[in-house]
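Visitor: Here it is: the structure, laid out below.
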Amino acid sequence: MAGASPADSQPEPDRLDTPAFQAIAPSDGDFRSTIRALILANEFLEYELQTKVSQGYTRGVRHGRLNTYTG
């Protein structure tokens, strides 16, 4: 692949090792704390996504195909 990064050519377990170690390091190897932090971060990202989607709907912004069905 011409545009592939070096990370794309690594097997999946090898590619994920460095980020996994980086996530565990701040917790001094405490996996429970690491998992809790990742869950919290995921909940925050989900909340942000829901908030942004809701704002789009409240402003009346529509994306995609228009519903032209008249029944």
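The values are calculated or read from the model by the stated rules, or taken from the named source; none is laboratory data. Every value quoted in this text rests on a predicted model; they were computed, and no experiment measured them. Ideal geometry is used to build each Cβ from the backbone, glycine not excepted, and the neighbour counts take in all protein chains shown. The accessibility values were calculated without ligands, DNA or RNA, using every heavy atom of the protein model including side chains. Shrake-Rupley method; radii C 1.70, N 1.55, O 1.52, S 1.80 Å.
Visitor: E46 accessible area, nearest 10 Å², 1.4 Å probe?
Guide: Number for this one is 90 Å².
Visitor: Suppose R0 equals 25 Å; then what is the FRET efficiency for V53 and Q22 from their Cβ-Cβ distance, rounded to the nearest 0.05?
Guide: After rounding, the FRET efficiency stands at 0.25.
Visitor: Now, a different point. I'd like the Karplus ³J(HN,Hα) series for the stretch 30-41: coefficients 6.51, -1.76, 1.60, θ = phi - 60°, whole numbers in Hz, and an x wherever there's a Gly or Pro.
Guide: 7, 5, 4, 5, 4, 5, 4, 5, 5, 5, 4, 4
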